[in-house]
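One structure below.
The values are calculated or read from the model by the stated rules, or taken from the named source; none is laboratory data. Since the structure is predicted, the reported quantities are computational estimates derived from the model, not experimental observations. Every residue, glycine as well, gets a Cβ built from its backbone with ideal geometry; the counts of neighbours run over all protein chains shown.
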Ligand SMILES: Cc1cc2nc3c(=O)[nH]c(=O)nc-3n(C[C@H](O)[C@H](O)[C@H](O)COP(=O)(O)OP(=O)(O)OC[C@H]3O[C@@H](n4cnc5c(N)ncnc54)[C@H](O)[C@@H]3O)c2cc1C
(Lines give C-alpha, C1' and ligand atoms only; values in the text may rest on other atoms or scores of the structure.)
Protein backbone atom coordinates (compact mmCIF):
# COMPACT_ATOMS: atom_id res chain seq x y z
CA UNK A 1 0.00 0.00 0.00
CA UNK A 2 1.37 3.41 -0.92
CA UNK A 3 -0.04 5.50 1.94
CA UNK A 4 -1.26 4.66 5.42
CA UNK A 5 -4.34 6.88 5.66
CA UNK A 6 -7.89 5.55 5.75
CA UNK A 7 -7.72 3.84 2.34
CA UNK A 8 -4.33 2.20 2.91
CA UNK A 9 -5.22 0.99 6.39
CA UNK A 10 -8.65 -0.26 5.28
CA UNK A 11 -7.12 -2.18 2.39
CA UNK A 12 -4.35 -3.54 4.60
CA UNK A 13 -6.94 -4.70 7.08
CA UNK A 14 -9.13 -6.41 4.49
CA UNK A 15 -6.33 -8.07 2.50
CA UNK A 16 -4.28 -8.94 5.57
CA UNK A 17 -7.24 -10.69 7.17
CA UNK A 18 -7.75 -12.63 3.94
CA UNK A 19 -4.26 -14.04 4.41
CA UNK A 20 -2.23 -11.83 2.09
CA UNK A 21 1.11 -10.41 3.19
CA UNK A 22 0.63 -6.64 3.26
CA UNK A 23 3.16 -3.84 3.65
CA UNK A 24 1.93 -0.30 4.18
CA UNK A 25 4.39 2.51 3.44
CA UNK A 26 3.42 5.88 4.92
CA UNK A 27 5.45 8.98 4.18
CA UNK A 28 4.57 10.91 7.35
CA UNK A 29 6.93 10.20 10.18
CA UNK A 30 4.24 9.63 12.77
CA UNK A 31 5.05 7.35 15.68
CA UNK A 32 1.84 6.09 17.31
CA UNK A 33 0.63 8.54 19.97
CA UNK A 34 -0.67 7.10 23.25
CA UNK A 35 -4.22 8.47 23.16
CA UNK A 36 -6.82 10.07 20.87
CA UNK A 37 -6.00 13.48 22.34
CA UNK A 38 -2.34 13.07 21.49
CA UNK A 39 -3.38 11.87 18.04
CA UNK A 40 -5.20 15.16 17.53
CA UNK A 41 -1.79 16.85 17.68
CA UNK A 42 -0.35 14.32 15.19
CA UNK A 43 1.94 15.75 12.54
CA UNK A 44 -0.02 14.53 9.52
CA UNK A 45 1.15 16.90 6.82
CA UNK A 46 0.48 14.17 4.22
CA UNK A 47 -3.22 14.28 5.14
CA UNK A 48 -3.86 17.84 6.35
CA UNK A 49 -7.61 17.24 6.33
CA UNK A 50 -7.27 15.28 9.57
CA UNK A 51 -7.84 18.47 11.54
CA UNK A 52 -11.09 19.24 9.74
CA UNK A 53 -14.57 18.07 10.62
CA UNK A 54 -15.36 14.53 9.55
CA UNK A 55 -18.68 12.67 9.45
CA UNK A 56 -18.50 8.89 9.42
CA UNK A 57 -21.51 7.68 7.50
CA UNK A 58 -23.69 4.65 8.11
CA UNK A 59 -22.30 2.77 5.10
CA UNK A 60 -18.82 3.00 6.62
CA UNK A 61 -20.08 2.02 10.08
CA UNK A 62 -21.87 -0.99 8.56
CA UNK A 63 -18.73 -2.09 6.68
CA UNK A 64 -16.89 -2.00 10.00
CA UNK A 65 -19.60 -3.96 11.83
CA UNK A 66 -19.78 -6.54 9.04
CA UNK A 67 -16.08 -7.05 8.30
CA UNK A 68 -14.16 -5.62 11.27
CA UNK A 69 -16.36 -5.73 14.37
CA UNK A 70 -13.27 -5.60 16.59
CA UNK A 71 -12.28 -2.20 15.12
CA UNK A 72 -15.84 -0.96 15.60
CA UNK A 73 -15.74 -2.07 19.25
CA UNK A 74 -12.36 -0.40 19.81
CA UNK A 75 -13.68 2.86 18.40
CA UNK A 76 -16.59 2.86 20.83
CA UNK A 77 -14.35 1.82 23.73
CA UNK A 78 -12.05 4.76 23.11
CA UNK A 79 -14.88 7.32 23.26
CA UNK A 80 -16.40 7.48 19.78
CA UNK A 81 -20.15 6.96 19.83
CA UNK A 82 -23.00 5.99 17.57
CA UNK A 83 -25.79 8.26 16.39
CA UNK A 84 -28.86 6.16 15.57
CA UNK A 85 -31.69 7.20 13.33
CA UNK A 86 -34.79 7.87 15.39
CA UNK A 87 -32.95 8.85 18.57
CA UNK A 88 -32.94 12.59 18.01
CA UNK A 89 -35.87 13.45 15.83
CA UNK A 90 -36.85 17.02 15.01
CA UNK A 91 -39.27 18.29 17.69
CA UNK A 92 -42.04 18.81 15.10
CA UNK A 93 -41.93 15.16 13.92
CA UNK A 94 -45.10 13.17 14.57
CA UNK A 95 -46.09 9.56 13.86
CA UNK A 96 -42.57 8.13 13.78
CA UNK A 97 -42.51 4.32 13.99
CA UNK A 98 -39.17 2.48 13.89
CA UNK A 99 -38.62 0.13 10.93
CA UNK A 100 -36.31 -2.90 10.79
CA UNK A 101 -33.95 -1.24 8.27
CA UNK A 102 -33.38 1.63 10.70
CA UNK A 103 -30.92 -0.65 12.51
CA UNK A 104 -28.40 0.06 9.73
CA UNK A 105 -28.92 3.84 9.88
CA UNK A 106 -26.18 4.55 12.38
CA UNK A 107 -23.38 7.08 12.06
CA UNK A 108 -20.18 7.24 14.11
CA UNK A 109 -19.17 10.43 15.89
CA UNK A 110 -15.39 10.76 16.14
CA UNK A 111 -12.58 13.08 15.26
CA UNK A 112 -10.82 12.02 12.10
CA UNK A 113 -7.55 11.69 14.00
CA UNK A 114 -9.25 9.34 16.49
CA UNK A 115 -10.73 7.20 13.73
CA UNK A 116 -7.39 6.84 11.97
CA UNK A 117 -5.53 6.28 15.25
CA UNK A 118 -7.80 3.35 16.18
CA UNK A 119 -7.42 1.85 12.71
CA UNK A 120 -3.63 2.16 12.76
CA UNK A 121 -3.40 0.82 16.31
CA UNK A 122 -5.51 -2.19 15.37
CA UNK A 123 -3.54 -2.95 12.21
CA UNK A 124 -0.24 -2.69 14.06
CA UNK A 125 -1.31 -4.57 17.20
CA UNK A 126 -2.84 -7.48 15.31
CA UNK A 127 0.04 -7.65 12.82
CA UNK A 128 -2.47 -8.01 10.02
CA UNK A 129 -0.19 -5.74 7.96
CA UNK A 130 3.20 -4.20 8.59
CA UNK A 131 3.26 -0.41 8.70
CA UNK A 132 6.40 1.54 7.85
CA UNK A 133 6.21 5.24 8.62
CA UNK A 134 8.56 8.04 7.63
CA UNK A 135 9.34 6.44 4.28
CA UNK A 136 8.00 7.71 0.98
CA UNK A 137 7.40 5.72 -2.17
CA UNK A 138 8.95 7.71 -5.00
CA UNK A 139 8.14 5.49 -7.99
CA UNK A 140 6.77 2.20 -9.17
CA UNK A 141 9.32 -0.37 -10.25
CA UNK A 142 8.80 -2.43 -13.37
CA UNK A 143 8.63 -1.77 -17.08
CA UNK A 144 6.51 -2.40 -20.17
CA UNK A 145 3.39 -1.37 -18.26
CA UNK A 146 3.88 -4.03 -15.59
CA UNK A 147 4.53 -3.02 -11.96
CA UNK A 148 6.77 -5.28 -9.94
CA UNK A 149 6.87 -3.18 -6.74
CA UNK A 150 7.89 0.25 -5.48
CA UNK A 151 11.02 2.31 -4.94
CA UNK A 152 11.39 4.09 -1.59
CA UNK A 153 13.13 7.40 -0.97
CA UNK A 154 15.99 5.65 0.83
CA UNK A 155 16.71 3.61 -2.29
CA UNK A 156 15.08 0.40 -1.04
CA UNK A 157 13.05 -1.58 -3.56
CA UNK A 158 10.05 -3.52 -2.33
CA UNK A 159 8.70 -6.23 -4.59
CA UNK A 160 4.94 -6.76 -4.73
CA UNK A 161 2.43 -8.87 -6.62
CA UNK A 162 0.05 -5.93 -6.42
CA UNK A 163 0.75 -2.25 -5.67
CA UNK A 164 -2.19 -0.38 -4.18
CA UNK A 165 -2.13 3.40 -4.63
CA UNK A 166 -3.68 4.77 -1.45
CA UNK A 167 -1.66 7.96 -1.47
CA UNK A 168 -4.52 10.42 -1.13
CA UNK A 169 -5.79 13.45 -2.95
CA UNK A 170 -2.40 14.72 -4.10
CA UNK A 171 -1.36 11.49 -5.77
CA UNK A 172 0.11 12.01 -9.24
CA UNK A 173 -1.10 8.69 -10.54
CA UNK A 174 -0.30 9.45 -14.18
CA UNK A 175 3.36 10.25 -13.51
CA UNK A 176 3.85 6.97 -11.70
CA UNK A 177 2.08 4.93 -14.37
CA UNK A 178 4.11 6.67 -17.10
CA UNK A 179 7.26 5.79 -15.17
CA UNK A 180 6.73 2.12 -16.01
CA UNK A 181 5.59 2.86 -19.59
CA UNK A 182 1.89 2.54 -18.79
CA UNK A 183 -0.86 4.03 -20.93
CA UNK A 184 -2.60 7.32 -20.03
CA UNK A 185 -5.06 7.07 -17.15
CA UNK A 186 -8.53 8.55 -17.63
CA UNK A 187 -8.77 11.38 -15.10
CA UNK A 188 -11.55 13.89 -14.45
CA UNK A 189 -11.11 16.82 -12.08
CA UNK A 190 -13.74 19.38 -11.03
CA UNK A 191 -13.29 22.11 -8.46
CA UNK A 192 -15.66 21.96 -5.51
CA UNK A 193 -15.57 25.76 -5.34
CA UNK A 194 -15.09 25.92 -1.56
CA UNK A 195 -12.43 26.47 1.07
CA UNK A 196 -12.77 24.72 4.45
CA UNK A 197 -12.29 26.52 7.75
CA UNK A 198 -12.63 24.37 10.88
CA UNK A 199 -12.25 24.77 14.60
CA UNK A 200 -12.37 22.06 17.26
CA UNK A 201 -13.76 22.34 20.80
CA UNK A 202 -14.34 20.30 23.93
CA UNK A 203 -17.29 20.68 26.28
CA UNK A 204 -16.31 22.10 29.65
CA UNK A 205 -16.65 19.72 32.56
CA UNK A 206 -20.29 19.29 33.54
CA UNK A 207 -21.65 20.94 30.40
CA UNK A 208 -23.77 19.12 27.82
CA UNK A 209 -24.19 19.35 24.09
CA UNK A 210 -27.19 21.38 22.95
CA UNK A 211 -30.22 19.14 22.28
CA UNK A 212 -29.83 17.27 18.99
CA UNK A 213 -32.69 16.82 16.59
CA UNK A 214 -32.69 20.36 15.32
CA UNK A 215 -30.42 21.87 12.71
CA UNK A 216 -26.86 20.61 12.34
CA UNK A 217 -25.85 23.01 9.61
CA UNK A 218 -27.04 25.22 6.84
CA UNK A 219 -26.47 26.54 3.35
CA UNK A 220 -26.72 30.30 3.14
CA UNK A 221 -25.60 30.42 -0.48
CA UNK A 222 -22.64 32.70 0.34
CA UNK A 223 -21.49 30.31 3.11
CA UNK A 224 -22.17 26.73 4.12
CA UNK A 225 -21.60 25.46 7.62
CA UNK A 226 -21.97 22.47 9.87
CA UNK A 227 -21.47 21.29 13.44
CA UNK A 228 -19.89 17.84 13.79
CA UNK A 229 -19.95 15.85 17.00
CA UNK A 230 -16.74 14.03 17.92
CA UNK A 231 -15.39 11.54 20.47
CA UNK A 232 -14.71 12.32 24.12
CA UNK A 233 -16.89 15.43 24.39
CA UNK A 234 -15.34 17.11 21.39
CA UNK A 235 -17.06 18.77 18.47
CA UNK A 236 -16.03 20.92 15.55
CA UNK A 237 -17.54 23.66 13.48
CA UNK A 238 -16.75 24.05 9.81
CA UNK A 239 -17.43 27.09 7.66
CA UNK A 240 -17.15 26.48 3.92
CA UNK A 241 -16.49 29.69 1.99
CA UNK A 242 -16.65 30.03 -1.81
CA UNK A 243 -13.12 29.91 -3.22
CA UNK A 244 -13.59 33.26 -4.96
CA UNK A 245 -14.66 35.10 -1.82
CA UNK A 246 -11.14 35.87 -0.68
CA UNK A 247 -12.20 38.60 1.70
CA UNK A 248 -14.62 36.45 3.69
CA UNK A 249 -12.11 33.64 3.76
CA UNK A 250 -9.37 35.95 5.06
CA UNK A 251 -11.63 37.40 7.74
CA UNK A 252 -12.88 34.05 9.01
CA UNK A 253 -9.39 32.64 9.42
CA UNK A 254 -9.01 34.64 12.65
CA UNK A 255 -10.37 32.75 15.69
CA UNK A 256 -12.29 35.81 16.93
CA UNK A 257 -14.05 36.41 13.63
CA UNK A 258 -14.69 32.69 13.18
CA UNK A 259 -16.53 32.55 16.50
CA UNK A 260 -18.35 35.81 15.89
CA UNK A 261 -19.60 34.32 12.63
CA UNK A 262 -20.50 31.04 14.33
CA UNK A 263 -22.67 32.88 16.85
CA UNK A 264 -24.69 34.31 13.95
CA UNK A 265 -25.46 30.84 12.58
CA UNK A 266 -28.58 29.14 13.90
CA UNK A 267 -27.16 25.63 14.16
CA UNK A 268 -23.82 26.72 15.62
CA UNK A 269 -24.72 29.51 18.04
CA UNK A 270 -25.70 27.30 21.01
CA UNK A 271 -22.43 25.39 20.75
CA UNK A 272 -20.50 28.66 21.13
CA UNK A 273 -22.36 29.98 24.20
CA UNK A 274 -19.46 29.30 26.54
CA UNK A 275 -20.18 25.63 27.13
CA UNK A 276 -16.96 24.61 25.34
CA UNK A 277 -13.36 25.64 24.91
CA UNK A 278 -11.23 25.39 21.77
CA UNK A 279 -8.84 22.43 21.49
CA UNK A 280 -6.18 24.68 20.00
CA UNK A 281 -5.77 28.33 19.15
CA UNK A 282 -6.17 27.94 15.41
CA UNK A 283 -8.76 28.04 12.69
CA UNK A 284 -7.61 25.27 10.38
CA UNK A 285 -7.93 26.15 6.70
CA UNK A 286 -7.79 23.93 3.64
CA UNK A 287 -8.09 24.89 -0.01
CA UNK A 288 -7.57 22.97 -3.26
CA UNK A 289 -10.62 20.79 -2.63
CA UNK A 290 -11.39 18.88 -5.79
CA UNK A 291 -13.76 16.27 -7.08
CA UNK A 292 -11.57 13.73 -8.82
CA UNK A 293 -12.09 10.44 -10.62
CA UNK A 294 -9.23 8.43 -12.02
CA UNK A 295 -9.69 5.24 -14.06
CA UNK A 296 -6.76 2.84 -14.09
CA UNK A 297 -8.60 0.59 -16.51
CA UNK A 298 -9.22 2.25 -19.87
CA UNK A 299 -11.08 0.60 -22.75
CA UNK A 300 -11.32 -2.58 -20.72
CA UNK A 301 -7.57 -2.96 -20.13
CA UNK A 302 -5.41 -1.83 -17.18
CA UNK A 303 -3.15 1.12 -18.03
CA UNK A 304 -0.48 -0.91 -16.25
CA UNK A 305 -0.75 -4.40 -14.82
CA UNK A 306 -0.12 -4.88 -11.09
CA UNK A 307 -1.37 -1.44 -9.92
CA UNK A 308 -4.77 -0.55 -8.51
CA UNK A 309 -6.05 2.45 -6.58
CA UNK A 310 -8.31 3.08 -3.60
CA UNK A 311 -9.57 6.15 -1.76
CA UNK A 312 -8.70 9.71 -2.67
CA UNK A 313 -5.89 8.63 -5.00
CA UNK A 314 -8.59 7.67 -7.48
CA UNK A 315 -11.82 9.24 -6.21
CA UNK A 316 -12.40 12.45 -4.27
CA UNK A 317 -15.68 14.18 -3.63
CA UNK A 318 -16.58 17.45 -1.98
CA UNK A 319 -15.80 17.08 1.75
CA UNK A 320 -19.05 18.81 2.62
CA UNK A 321 -20.93 15.65 1.71
CA UNK A 322 -18.82 13.69 4.21
CA UNK A 323 -18.32 10.74 1.89
CA UNK A 324 -14.54 10.41 1.49
CA UNK A 325 -13.68 7.98 4.30
CA UNK A 326 -16.73 5.92 3.42
CA UNK A 327 -15.80 5.70 -0.25
CA UNK A 328 -12.16 5.01 0.71
CA UNK A 329 -13.26 2.12 2.93
CA UNK A 330 -15.80 0.95 0.37
CA UNK A 331 -13.23 0.97 -2.45
CA UNK A 332 -10.87 -1.02 -0.20
CA UNK A 333 -13.56 -3.61 0.47
CA UNK A 334 -14.35 -3.83 -3.25
CA UNK A 335 -10.67 -4.47 -3.89
CA UNK A 336 -10.62 -7.23 -1.29
CA UNK A 337 -13.62 -8.79 -3.07
CA UNK A 338 -11.86 -8.54 -6.45
CA UNK A 339 -8.71 -10.09 -5.02
CA UNK A 340 -10.75 -12.90 -3.43
CA UNK A 341 -12.36 -13.66 -6.78
CA UNK A 342 -9.36 -13.23 -9.08
CA UNK A 343 -6.02 -13.66 -7.26
CA UNK A 344 -3.36 -14.27 -8.39
CA UNK A 345 -4.22 -12.66 -11.76
CA UNK A 346 -3.39 -8.91 -11.40
CA UNK A 347 -5.01 -8.03 -14.72
CA UNK A 348 -8.30 -9.67 -13.78
CA UNK A 349 -8.16 -8.06 -10.32
CA UNK A 350 -7.77 -4.58 -11.84
CA UNK A 351 -10.53 -5.06 -14.41
CA UNK A 352 -12.95 -6.45 -11.85
CA UNK A 353 -12.15 -3.70 -9.31
CA UNK A 354 -12.68 -1.00 -11.94
CA UNK A 355 -15.99 -2.57 -12.85
CA UNK A 356 -17.18 -2.62 -9.23
CA UNK A 357 -15.97 0.94 -8.62
CA UNK A 358 -17.74 2.27 -11.68
CA UNK A 359 -20.98 0.48 -10.90
CA UNK A 360 -21.14 1.24 -7.18
CA UNK A 361 -19.12 4.36 -6.35
CA UNK A 362 -18.93 6.42 -9.54
CA UNK A 363 -22.60 7.51 -9.32
CA UNK A 364 -21.68 9.36 -6.11
CA UNK A 365 -18.82 11.14 -7.86
CA UNK A 366 -21.16 12.22 -10.67
CA UNK A 367 -23.76 13.42 -8.16
CA UNK A 368 -21.14 15.48 -6.29
CA UNK A 369 -19.94 17.17 -9.46
CA UNK A 370 -23.50 18.06 -10.44
CA UNK A 371 -24.37 19.40 -7.01
CA UNK A 372 -21.18 21.47 -6.83
CA UNK A 373 -21.76 23.04 -10.24
CA UNK A 374 -25.09 24.35 -8.97
CA UNK A 375 -23.60 25.56 -5.67
CA UNK A 376 -20.86 27.41 -7.56
CA UNK A 377 -23.47 29.08 -9.79
CA UNK A 378 -25.38 30.30 -6.73
CA UNK A 379 -22.26 31.53 -4.93
CA UNK A 380 -21.02 33.38 -8.02
CA UNK A 381 -24.38 35.14 -8.44
CA UNK A 382 -24.39 36.26 -4.80
CA UNK A 383 -20.81 37.50 -5.02
CA UNK A 384 -21.74 39.46 -8.14
CA UNK A 385 -24.67 41.05 -6.28
CA UNK A 386 -27.29 39.12 -8.28
CA UNK A 387 -30.27 37.10 -7.05
CA UNK A 388 -29.55 33.42 -7.80
CA UNK A 389 -33.31 32.80 -7.81
CA UNK A 390 -34.08 35.82 -9.97
CA UNK A 391 -34.69 33.91 -13.20
CA UNK A 392 -37.94 32.06 -12.54
CA UNK A 393 -37.88 30.53 -16.01
CA UNK A 394 -34.69 28.64 -15.08
CA UNK A 395 -35.59 25.09 -13.95
CA UNK A 396 -32.77 25.25 -11.41
CA UNK A 397 -34.66 28.00 -9.60
CA UNK A 398 -37.66 25.69 -9.17
CA UNK A 399 -35.46 22.83 -7.98
CA UNK A 400 -33.89 25.11 -5.35
CA UNK A 401 -37.33 26.29 -4.24
CA UNK A 402 -38.64 22.72 -3.88
CA UNK A 403 -35.54 21.80 -1.89
CA UNK A 404 -35.91 24.84 0.38
CA UNK A 405 -39.70 24.95 0.79
CA UNK A 406 -40.54 21.28 0.18
CA UNK A 407 -37.81 18.79 1.05
CA UNK A 408 -36.28 20.69 3.96
CA UNK A 409 -39.54 21.23 5.88
CA UNK A 410 -40.72 17.72 4.99
CA UNK A 411 -37.63 16.22 6.67
CA UNK A 412 -38.74 17.93 9.88
CA UNK A 413 -42.29 16.64 9.86
CA UNK A 414 -42.61 13.52 7.71
CA UNK A 415 -40.82 10.34 8.91
CA UNK A 416 -41.02 8.77 5.46
CA UNK A 417 -39.21 11.68 3.84
CA UNK A 418 -36.68 12.00 6.67
CA UNK A 419 -35.84 8.28 6.51
CA UNK A 420 -35.37 8.36 2.73
CA UNK A 421 -33.26 11.52 3.01
CA UNK A 422 -31.02 10.16 5.79
CA UNK A 423 -30.55 6.82 4.00
CA UNK A 424 -29.43 8.75 0.94
CA UNK A 425 -27.11 11.01 2.92
CA UNK A 426 -25.49 7.87 4.34
CA UNK A 427 -24.94 6.27 0.92
CA UNK A 428 -27.40 3.47 1.68
CA UNK A 429 -29.52 4.23 -1.39
CA UNK A 430 -28.46 5.33 -4.88
CA UNK A 431 -27.89 9.07 -5.49
CA UNK A 432 -31.21 9.45 -7.35
CA UNK A 433 -33.25 7.45 -4.80
CA UNK A 434 -35.25 10.43 -3.55
CA UNK A 435 -36.43 11.62 -6.95
CA UNK A 436 -37.04 8.03 -8.08
CA UNK A 437 -39.39 7.32 -5.15
CA UNK A 438 -42.84 8.52 -6.21
CA UNK A 439 -44.19 8.40 -2.66
CA UNK A 440 -41.37 10.63 -1.38
CA UNK A 441 -41.75 13.02 -4.30
CA UNK A 442 -45.51 13.31 -3.70
CA UNK A 443 -44.98 14.02 0.00
CA UNK A 444 -42.34 16.67 -0.71
CA UNK A 445 -44.48 18.37 -3.34
CA UNK A 446 -47.48 18.42 -1.05
CA UNK A 447 -45.40 20.20 1.63
CA UNK A 448 -44.12 22.57 -1.05
CA UNK A 449 -47.63 23.40 -2.19
CA UNK A 450 -48.60 24.38 1.34
CA UNK A 451 -45.69 26.79 1.70
CA UNK A 452 -47.91 29.88 1.79
CA UNK A 453 -50.03 28.44 4.62
CA UNK A 454 -47.23 27.98 7.12
CA UNK A 455 -44.71 30.23 8.87
CA UNK A 456 -41.50 30.96 6.95
CA UNK A 457 -38.66 28.46 7.20
CA UNK A 458 -36.32 28.80 10.21
CA UNK A 459 -33.56 31.30 9.61
CA UNK A 460 -30.22 29.50 9.17
CA UNK A 461 -28.07 32.62 9.50
CA UNK A 462 -27.72 36.21 8.31
CA UNK A 463 -29.76 36.75 5.15
CA UNK A 464 -26.87 38.37 3.31
CA UNK A 465 -23.13 38.08 3.21
CA UNK A 466 -22.79 41.78 4.07
CA UNK A 467 -24.89 41.25 7.19
CA UNK A 468 -22.56 38.48 8.32
CA UNK A 469 -19.46 40.54 7.56
CA UNK A 470 -21.00 43.42 9.52
CA UNK A 471 -21.32 41.17 12.55
CA UNK A 472 -17.62 40.34 12.47
CA UNK A 473 -16.38 43.80 13.32
C1 LIG B 1 -11.36 19.34 4.46
C2 LIG B 1 -11.80 17.91 4.32
C3 LIG B 1 -12.88 17.44 5.07
C4 LIG B 1 -13.32 16.13 4.90
N5 LIG B 1 -14.42 15.69 5.58
C6 LIG B 1 -14.82 14.40 5.44
C7 LIG B 1 -15.93 13.90 6.16
O8 LIG B 1 -16.66 14.63 6.84
N9 LIG B 1 -16.22 12.58 6.05
C10 LIG B 1 -15.48 11.76 5.26
O11 LIG B 1 -15.78 10.57 5.20
N12 LIG B 1 -14.47 12.21 4.53
C13 LIG B 1 -14.11 13.50 4.60
N14 LIG B 1 -13.05 13.95 3.89
C15 LIG B 1 -12.36 13.05 2.97
C16 LIG B 1 -11.44 12.08 3.68
O17 LIG B 1 -10.57 12.75 4.54
C18 LIG B 1 -10.66 11.32 2.61
O19 LIG B 1 -11.54 10.88 1.65
C20 LIG B 1 -9.91 10.15 3.20
O21 LIG B 1 -8.88 10.60 4.02
C22 LIG B 1 -9.32 9.33 2.08
O23 LIG B 1 -8.40 8.41 2.58
P24 LIG B 1 -7.08 8.07 1.73
O25 LIG B 1 -6.40 7.00 2.48
O26 LIG B 1 -7.43 7.87 0.34
O27 LIG B 1 -6.21 9.40 1.79
P28 LIG B 1 -5.49 10.03 3.04
O29 LIG B 1 -6.21 9.71 4.28
O30 LIG B 1 -5.25 11.45 2.70
O31 LIG B 1 -4.12 9.25 3.14
C32 LIG B 1 -3.16 9.27 2.13
C33 LIG B 1 -1.84 8.96 2.80
O34 LIG B 1 -0.85 8.67 1.83
C35 LIG B 1 0.37 9.20 2.28
N36 LIG B 1 1.24 9.35 1.11
C37 LIG B 1 1.06 10.20 0.07
N38 LIG B 1 2.03 10.03 -0.85
C39 LIG B 1 2.83 9.05 -0.37
C40 LIG B 1 4.01 8.44 -0.87
N41 LIG B 1 4.53 8.82 -2.04
N42 LIG B 1 4.58 7.47 -0.14
C43 LIG B 1 4.04 7.07 1.05
N44 LIG B 1 2.94 7.64 1.57
C45 LIG B 1 2.34 8.61 0.87
C46 LIG B 1 -0.01 10.50 2.94
O47 LIG B 1 0.98 10.94 3.85
C48 LIG B 1 -1.31 10.11 3.62
O49 LIG B 1 -1.11 9.67 4.93
C50 LIG B 1 -12.63 15.26 4.01
C51 LIG B 1 -11.56 15.74 3.27
C52 LIG B 1 -11.16 17.06 3.40
C53 LIG B 1 -10.04 17.56 2.54
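Residue under question is residue 147, and the condition is that it be more than 15 Å from residue 11 (Cα to Cα), buried (at least 21 other Cβ atoms within 10 Å of the Cβ) and touching a residue at least 12 places away in the same chain (Cβ under 8 Å); does it hold? Yes: the conditions hold for residue 147.
Residues that are in the same structural domain as residue 329 (by TED's automatic domain parsing), surrounded by 23 or more Cβ atoms within 10 Å (Cβ to Cβ), in a strand (DSSP E or B) and within 14 Å of the ligand (Cβ to nearest atom) occur at least once in segment 52-61. Among the residues that make up segment 3-25, is at least one of them part of a strand (DSSP E or B), over 25 Å from residue 172 (Cβ atoms) and within 15 Å of the ligand (Cβ to nearest atom)? Looking for residues that are part of a strand (DSSP E or B), over 25 Å from residue 172 (Cβ atoms) and within 15 Å of the ligand (Cβ to nearest atom), one finds none in segment 3-25, hence no. Could you tell me whether any residue of segment 364-385 is at pLDDT below 95 and more than 28 Å from the chain's Cα centre (by Cα)? Yes, some residue in segment 364-385 is at pLDDT below 95 and more than 28 Å from the chain's Cα centre (by Cα). Taking segment 289-309 as the range and being touching a residue at least 60 places away in the same chain (Cβ under 8 Å) and assigned to a loop (DSSP other than H, G, I, E, B) as the test, the residues that pass are 289, 296, 303, 304, 306. Across segment 150-198, the number of residues qualifying as within 15 Å of the ligand (Cβ to nearest atom), assigned to a strand (DSSP E or B) and free of Cβ contacts under 8 Å to residues at least 24 places away in the same chain comes to 2. Of the residues that sit in segment 33-51 and are away from the ligand (no atom under 14 Å from the Cβ) and either touching a residue at least 40 places away in the same chain (Cβ under 8 Å) or part of a loop (DSSP other than H, G, I, E, B) (or both), which one is nearest to residue 103 (Cα to Cα)? Of everything passing the filter in segment 33-51, 36 is nearest to residue 103 (Cα to Cα). For residues that are more than 10 Å from the ligand (Cβ to nearest atom) and over 26 Å from the mean Cα position of the chain (by Cα), scanning just segment 131-142, find the one that is farthest from residue 4 (Cα to Cα). Of everything passing the filter in segment 131-142, 142 is farthest from residue 4 (Cα to Cα). Do we find a residue being modelled with pLDDT of 95 or more and within 21 Å of residue 316 (Cα to Cα) anywhere in segment 32-46? No: zero hits. If the condition is being surrounded by fewer than 19 Cβ atoms within 10 Å (Cβ to Cβ) and either over 30 Å from residue 302 (Cβ atoms) or free of Cβ contacts under 8 Å to residues at least 12 places away in the same chain (or both), then segment 359-377 contributes 359, 370, 371, 373, 374, 376, 377. Taking segment 388-473 and the helices (runs of 4 or more DSSP H) fully enclosed by it, the elements with 2 or more residues that are within 26 Å of the chain's Cα centre (by Cα) are at 395-402, 408-413, 415-425, 433-436.
In this entry, residue 308 is excluded by the filter for residues that are more than 14 Å from the ligand (Cβ to nearest atom) and more than 27 Å from residue 375 (Cα to Cα). Looking across segment 420-443, the residues that are more than 25 Å from residue 365 (Cβ to Cβ) and in contact with a helix residue (DSSP H, G or I) (Cβ under 9 Å, 6 or more places away or on another chain) come down to 439, 443. Please determine whether any residue of segment 280-293 is closer than 28 Å to residue 56 by Cα, near the ligand (Cβ under 10 Å from one of its atoms) and surrounded by 20 or more Cβ atoms within 10 Å (Cβ to Cβ). Yes, segment 280-293 contains a residue that is closer than 28 Å to residue 56 by Cα, near the ligand (Cβ under 10 Å from one of its atoms) and surrounded by 20 or more Cβ atoms within 10 Å (Cβ to Cβ). State which residue pairs qualify: first residue within 16 Å of residue 2 (Cβ to Cβ) and assigned to a loop (DSSP other than H, G, I, E, B) and inside segment 310-335, second residue within 6 Å of the ligand (Cβ to nearest atom) and modelled with pLDDT under 95 in any location, beta carbons under 7 Å apart, and separation of 6 or more residues or different chains. Nothing qualifies. Restricting 74, 116 to residues that are at pLDDT 95 or above, within 11 Å of the ligand (Cβ to nearest atom) and assigned to a helix (DSSP H, G or I) narrows the list to 116. Checking each residue in segment 241-256 for being buried (at least 23 other Cβ atoms within 10 Å of the Cβ) and within 14 Å of the ligand (Cβ to nearest atom) picks out only 241. Test residue 352 against the stated conditions and say whether it is assigned by TED's automatic domain parsing to the domain that holds residue 87, more than 19 Å from the chain's Cα centre (by Cα), in a helix (DSSP H, G or I) and surrounded by 15 or more Cβ atoms within 10 Å (Cβ to Cβ). Yes; evaluated as a whole, the condition is true for this residue.
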